[in-house]
1. For the structure I just gave you, tell me whether ASP42 is assigned to a helix (DSSP H, G or I), among the acidic types (Asp, Glu) and surrounded by 13 or more Cβ atoms within 10 Å (Cβ to Cβ).
2. Picking from ARG35, ARG28, ARG22, ARG81, which residue would you name as being assigned to a loop (DSSP other than H, G, I, E, B) and surrounded by 14 or more Cβ atoms within 10 Å (Cβ to Cβ)?
3. Does VAL92 satisfy the condition of being out of contact with any helix residue (DSSP H, G or I) (no Cβ under 9 Å at 6 or more places or on another chain), surrounded by 13 or more Cβ atoms within 10 Å (Cβ to Cβ) and in a strand (DSSP E or B)?
4. Could you look through the range 1-13, keep only residues that are part of a loop (DSSP other than H, G, I, E, B) and touching an Asp or Glu at 6+ places or on another chain (Cβ under 9 Å), and pick out the one that is nearest to LEU94 (Cα to Cα)?
Amino acid sequence: MTARVVTLDLDGVTDKAGLMDRCARDLRLPDWFGRNWDALADVLSDPDLWSGDGVEEETVVVVRHWDRYAEARPDEWATAREVFAQASALTVALALGGSS
């Protein structure tokens, strides 16, 4: 099995709206994505969105520059981490250090 790596860059994100917009952009989410926690959980757990043309390919999302958002909105960040952890169609990893 091969892996496709996608970067979710949260540089400059300081609120939920910014996070949802960045997820939509960087993860190339469909137009119907509702930009709320439930919608994010749904798309991250939809295998049809993350399987590559019938090829068995794991998708790994690397979240970078998340520390400022986590500091600015700790409650929102806790919810985001929970949603990422429960994603069943892909793997989400937080990049540690070297985020500058």
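1. For ASP42, the condition - assigned to a helix (DSSP H, G or I), among the acidic types (Asp, Glu) and surrounded by 13 or more Cβ atoms within 10 Å (Cβ to Cβ) - is met.
2. Of ARG35, ARG28, ARG22, ARG81, the one residue that is assigned to a loop (DSSP other than H, G, I, E, B) and surrounded by 14 or more Cβ atoms within 10 Å (Cβ to Cβ) is ARG35.
3. So VAL92 fails the test.
4. LEU10
Read-outs throughout are calculated quantities, based only on the coordinates presented, and are distinct from any laboratory measurement. Note that the coordinates shown come from a computational prediction; the quantities given were computed from them, not determined experimentally. Virtual Cβ from ideal backbone geometry, glycine too; neighbours counted across all protein chains shown.
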